[in-house]
Amino acid sequence: MTGNPGRRQSERTLWAKLQGNRNWLGFWYMLPAIGILVLFLAYPLFLGVWLSFTDTKIGRAGEFIGFENYEWLWDDSVFWVSVFNTLLYTIVASAAKFGIGLYLALLLNKRLPFKALIRALVLIPFIVPTVLSAIAFWWIYDSQFSILSWSLRKLGWISANIDFLGDPWNARWSTIFANVWRGVPFIAITLLAGLQTVSPSLYEAATLDGATPWQRFRHITYPLLTPIIAVVMTFSVLFTFTDFQLIWALTRGGPVNATHLMATLSYQRAIIAGQLGEGAAISTAMIPFLLAAIGIAWYGLQTRKWQQGGSND
């Protein structure tokens, strides 16, 4: 039985048009990447959200229990400590990394001797594996053999070793400092790349008009850098908020949960304690914070005020 020749001709014509359509061709080129994103990002995300509504444990399939995991977390003091730690860790570390990174970028953008070598040295903290960095800081912060405590005692500034990782607040500031040390190079080099795109003629014209260094930064550098700042700080906030390796290798969330972040607490509850549903609920609770950070950055990139350093008028 033969089909309708007119219909077959129409299908061939449609297929020829689709083959000649650049958007359709682009879709086929993107399909492998879409498949990878779905398999390794979207599927684990939705699976984690689903597990948060079950009582699944390692080795035992769970049943749907609705919002019980979230209700239990609402009354869990350790969970709220981890939320506080995560927000403190993210806000303080991100602000410090931005300030130091911007200063280094402005410094490296000037004519300096051995500038290429200095740029390479600045990158060292970022390229060193996170676990090795954590081990190095663990030695630096050691309660008995700390090089910091030894140096301060030799200078006569302290009489006894500082308990960097044994005291709750000391441990919080110590982990924040370690994160800042690792994250500054990423921000500095990214902002430096943005500074390289600013035309020197703009600074020359401003100098001829009598602009001060602060005025040149405020009205030239900052407005032209704002789109890059929005992007790089979004990545910085996301990386800091979801940090796991540094904290787990350095403190395991101690002492007395003082450095537990939501990511480390989720791992402890889900993998070590075997409560997959509870751990998934903690991970899912991180999503609104991450969406808020992405939303703020997206709004900033779409707003002329951020991109031009002025009003939206």
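None of the figures in this text is laboratory data; all of them are computed from the coordinates on show. Given the structure is predicted, the values throughout are model-derived calculations rather than measurements. Counting neighbours? That spans all protein chains shown, and the Cβs are built from the backbone with ideal geometry, glycine included.
Evaluate the Debye formula for the range 101-235 with equal point scatterers sitting on the alpha carbons, no solvent, and hand back log10 of I(q)/I(0) at q = 0.11, 0.16, 0.18, 0.21 Å⁻¹, in q order, two decimals.
Taken in order of the listed q values, log10 I(q)/I(0) reads -0.59, -0.92, -1.02, -1.18.
At 222 nm, what helix-only mean residue ellipticity would the chain give, in deg cm²/dmol to the nearest 500, using -39500 (n - 2.57) for each DSSP H run of four or more?
-22000 deg cm²/dmol
Can you run phi through the Karplus equation (6.51, -1.76, 1.60; θ = phi - 60°) for the range 150-167 and list ³J(HN,Hα) in whole Hz, with x for Gly and Pro?
4, 5, 5, 5, 5, 7, x, 7, 9, 9, 9, 4, 7, 8, 5, 9, x, 9
Output wanted: per-residue J couplings in Hz (rounded whole) for the range 116-128, from phi through Karplus 6.51 cos²θ - 1.76 cosθ + 1.60, θ = phi - 60°, x for Gly and Pro.
5, 5, 4, 4, 5, 5, 4, 6, 4, x, 7, 8, 6
With a Förster radius of 22 Å, plug the Cβ-Cβ distance of W169 and S77 into 1/(1 + (r/R0)^6) and report the FRET value to the nearest 0.05.
That pair, W169 with S77, gives E of 0.80.
Can you pull out the chymotrypsin sites (Phe, Trp or Tyr not before Pro) in the range 73-143 whose DSSP state is coil and whose Cβ has at most 15 other Cβ atoms within 10 Å?
Listed in order of number, the matching sites are F114.
So, how do all the Cα-to-Cα distances of the range 167-313 break down into 10 Å bins, in percent, from 0 on up?
10, 27, 28, 19, 11, 4, 1
Length gain on complete extension for the stretch W50 to Y222, per 0.36 nm per residue less the alpha carbon to alpha carbon distance?
57.6 nm
Mind checking the range 56-130 for trypsin sites (Lys or Arg not before Pro) that DSSP puts in a loop (not H, G, I, E or B) and that have at most 15 other Cβ atoms within 10 Å?
Here the trypsin sites (Lys or Arg not before Pro) that fit, given the DSSP loop and packing criteria, are K110, R111.
What spacing in nm lies between the two simple spin-label points modelled at I65 and L148, each 7 Å away from Cα in the Cβ direction?
Label-label distance for I65 and L148, simple model: 4.0 nm.
For the range 199-216, take each phi angle, set θ = phi - 60°, evaluate the Karplus expression 6.51 cos²θ - 1.76 cosθ + 1.60, and give the result in whole Hz per residue in order, putting x for glycine and proline.
Calculated HN-Hα couplings, in order: 5, x, 4, 5, 5, 5, 5, 5, 5, 5, 7, x, 6, 7, x, 5, 5, 5 Hz.
Please report how far the C-alpha centroid of the range 57-79 lies from that of the range 131-159, rounded to the nearest whole angstrom.
Their Cα centres are 40 Å away from one another.
For a quick check of your reading of the filter: which GluC sites (Glu not before Pro) in the range 16-102 sit in a DSSP loop and have no more than 16 other Cβ atoms within 10 Å?
Loop-located and lightly packed - E63.
Output the peptides 181-194, 286-299 sorted from most to least packed, where packing is the average of other Cβ atoms within 10 Å over each peptide's residues.
Taking the mean over residues of other Cβ atoms within 10 Å, the ranking is 181-194, 286-299.
Name the long-range amide H neighbours of T54: under 5 Å, sequence gap of 5 or more, or other chain; modelled H, no Pro or chain starts.
Sorted by chain and number, the residues that satisfy this are I65.
Let me know the shape class of the chain, please: from the alpha-carbon gyration tensor, a ≥ b ≥ c as square roots of the eigenvalues, rounded when a/c is under 1.5, otherwise prolate if a/b is greater than b/c, or oblate.
Since a/c reaches 1.5 but b/c is at least a/b, the shape of the chain is classed as oblate.
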